[in-house]
1. Taking the condition of being of a type in the set (Ser, Thr, Tyr), within 14 Å of chain B (Cβ to nearest Cβ) and either open to solvent by 10 Å² or more (accessible area, probe 1.4 Å) or not in a loop (DSSP other than H, G, I, E, B) (or both), how many residues in segment A:240-284 meet it?
2. Residues that are within 14 Å of chain A (Cβ to nearest Cβ): find the helices (runs of 4 or more DSSP H) completely inside segment B:1-99 holding 3 or more of those.
3. Looking only at segment A:187-214, how many residues end up being closer than 27 Å to A:Asp349 by Cβ and open to solvent by 60 Å² or more (accessible area, probe 1.4 Å)?
4. Given the conditions (1) on the phi > 0 side of the Ramachandran plot; (2) without any contact (Cβ under 8 Å) to a residue 12 or more places away in the chain, and given that B:Lys314 satisfies all but one, which numbered condition is not satisfied?
5. Could you check segment A:66-82 and list, in sequence order, the residues that are surrounded by fewer than 22 Cβ atoms within 10 Å (Cβ to Cβ) and in contact (Cβ under 8 Å) with a residue 40 or more places away in the chain?
6. When segment B:316-336 is examined, which residues are found to be open to solvent by 10 Å² or more (accessible area, probe 1.4 Å) and of a type in the set (A, V, I, L, M, F, W, C)?
7. Only one residue in A:Thr228, A:Thr263, A:Thr267 is in contact with a Cys (Cβ under 6 Å, 6 or more places away or on another chain), at pLDDT 95 or above and among the hydroxyl-bearing types (Ser, Thr, Tyr). Which one?
8. Return the only residue of A:Ile294, A:Ile322, A:Ile329 being under 24 Å from B:Ala194 (Cβ atoms), without any contact (Cβ under 8 Å) to a residue 40 or more places away in the chain and in contact with a Gly (Cβ under 9 Å, 6 or more places away or on another chain).
Protein chains: 2
Amino acid sequence: MIGILGGGQLARMLALAGYPLGLNFVTLDPADDICSASLAQQIKGNYNNTALLTKLAEKVDIVTYEFENVPAEAAAFLSDKTTIYPPKLALATAQDRLIEKTAFHDLDIDTAPFVEVNSLPDLKSAMDIVGWPAVLKTRREGYDGKGQAVLRQPEDLAKGWTSIGEVPAIVEGFVPFDREISLIAVRSRTGETAFYPLTENKHHDGVLRVSRARPNDAMQTLAEEYATKLLNALDYVGVLALELFQAGDRLLVNEFAPRVHNTGHWTQDGAVTCQFENHLRAILGLPLGATDAIGHAGMVNLIGEIPSSTAVLKISSAHLHIYDKAPRIGRKMGHINLMNQDQAVFEADLQTTLNLISD
Amino acid sequence: MIGILGGGQLARMLALAGYPLGLNFVTLDPADDICSASLAQQIKGNYNNTALLTKLAEKVDIVTYEFENVPAEAAAFLSDKTTIYPPKLALATAQDRLIEKTAFHDLDIDTAPFVEVNSLPDLKSAMDIVGWPAVLKTRREGYDGKGQAVLRQPEDLAKGWTSIGEVPAIVEGFVPFDREISLIAVRSRTGETAFYPLTENKHHDGVLRVSRARPNDAMQTLAEEYATKLLNALDYVGVLALELFQAGDRLLVNEFAPRVHNTGHWTQDGAVTCQFENHLRAILGLPLGATDAIGHAGMVNLIGEIPSSTAVLKISSAHLHIYDKAPRIGRKMGHINLMNQDQAVFEADLQTTLNLISD
């Protein structure tokens, strides 16, 4: 039995990938109507409820999580009672942008310039180091563009510091980038590692819209070098997503997520083994599955609403993945994977899909 | 909500394929510990319990089934209250070998010679028509070699008639065949049809052991012609498996199954869209998914026991599918799909897999 902290779409897709391996699942999640409800037992309650964490630990062989804001105390409590992967150190590192960026720096992994900021005067002096424009980011709990402020001119400093809530932060120099890319990496309990082909990503309003697999990309080797350093430094176990910017010949790491990742969803229909199955194989110490792409592949997120299944499924390269959530503006409701061995058909079908969701 | 009569491994795999489409499932099954239990609600009871059939009909939009021995009365009862696919006519035809073979004959679909047998004298005179050797088969409820007797010499006639229980039967001439093959076909409510590449099958003790996809097989066109006639004659909806023998240039139909089929399991990892998803698309009237193979593909059944996951998953082409059943001699416990775009690797991995299960 596998325990999952969080019962959202990532838990749902972990369960779907795990049943064929003979696994069963239980989630801990405080919410009603979670989208893994039909696929896993739910222990309903908060992540810091020690009675519920104990109950979870007693039911399972191993615990994993689908979001990186798992309270550190919950992870520590669980790790005394059972096995939790990815390891606590990865969680602690991913939860704090300063610790995370410092780890990259210490591992000689290239990043945009960054400086710690604990006050408005800190921010003012930091600008001399990182240069204009820059981005102010809370150290903790930001995601999808929240907890961030863009700084373009001196007047933005005080406004930005107020807007992020005057909490511990970092400021990062803005490097004009050519592409946003990500690397889905996986490391098993046995130390075995595997890497998917790089994914090229397009965001809109801070939310991922489209990913495309880019096998044989010129940046693959360097991205894998970065990921290998990080996986080993963290004694990592599971899937890890490394978010990167390419700026000319430079490859800058933005952040990592210690979990299966939206930019890896294309692997469900576009790779030999999907990221969800490989995450489970990794945490169980099973041999990792092949990560090769099986054709031209990509993904389009469905935000806020889902087009008709008929319209989607008549696109020959399309595979529909619905999360069974109540619709809400800005909510990730599902995604469409596209895979075709013919590049021209793939490109045309991707365009048809994009037209479908922009109607 | 989709209702499924039967909650075995086929129901389990239908559910796994259906969740991404946003579907939910309820089964009707009399057994404890069914292997779809974690993936679908279960109404527990017999298939002829009208109160339970009513309860099922009230919960669902549509009912399908995972085995062809659904009582005709249950199908009739359900079809008055909800939609049931594949249609009753397909069920009635598949349940009776005489009706089934007669249907093939009427559609000009080639079969071995067959004669109805209702008594030992019938059987004796039938032998003049079908020739020696021959196979005596009960009209109803035989599967995996049960309810059959091979007739090689005159002494076998009385023995065979007794062994099948002296029930209504047919006797079929034995045609020495070169290959056992099957065609997984699918027809939607809209009339759209699709066909997977032919599958070549090896049985052992009457139970399927190994299937291999055979794209571009010389018999594909004729097999599709047979299937098209049958699908249209039955006004069929869903996946249908046509079991065939090739004897020289002749392609003889043995029987059909009105459901997803063990010889189509390779499509889960070896085709663009698997048979389970296409069955659901068909019964819902959604566009059918592409049926192309994505590489060299095959399947090995796991009978009675499951090798260690570690041993299986270190085979690079292997995908493990466990049914979560208690082990029992002769029981289908799971299967291993193999897929590789490199033929030599596929062949080697298939051999490694076969060695693994024969240990």
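The values are calculated or read from the model by the stated rules, or taken from the named source; none is laboratory data. Note that the structure is predicted; figures quoted are calculated from it, not measured. As a convention, Cβ positions derive from the backbone with ideal geometry for all residues, glycine included, and neighbour counts pool all protein chains shown. We work out accessible area using only protein heavy atoms, side chains counted, and drop any ligands, DNA or RNA first. Shrake-Rupley method; radii C 1.70, N 1.55, O 1.52, S 1.80 Å.
1. The initial filter retains those residues of segment A:240-284 that are of a type in the set (Ser, Thr, Tyr), namely A:263, A:267, A:273.
Remaining after also requiring within 14 Å of chain B (Cβ to nearest Cβ): A:267, A:273.
With the extra rule that they be either open to solvent by 10 Å² or more (accessible area, probe 1.4 Å) or not in a loop (DSSP other than H, G, I, E, B) (or both), the set shrinks to A:267.
Residues flagged as of a type in the set (Ser, Thr, Tyr), within 14 Å of chain B (Cβ to nearest Cβ) and either open to solvent by 10 Å² or more (accessible area, probe 1.4 Å) or not in a loop (DSSP other than H, G, I, E, B) (or both) within segment A:240-284 amount to 1.
2. Where helices (runs of 4 or more DSSP H) fall fully within segment B:1-99 and carry at least 3 residues being within 14 Å of chain A (Cβ to nearest Cβ), they are B:9-18.
3. Selection size over segment A:187-214: 6.
4. The number of the failed condition is (1).
5. Correct list: A:Phe67, A:Glu68, A:Asn69, A:Thr82.
6. B:Ile322, B:Ala326, B:Ile329
7. Just one listed residue meets the conditions, A:Thr267.
8. On the way: A:Ile294 fails: without any contact (Cβ under 8 Å) to a residue 40 or more places away in the chain; A:Ile329 fails: under 24 Å from B:Ala194 (Cβ atoms).
Criteria check complete, one pass: A:Ile322.
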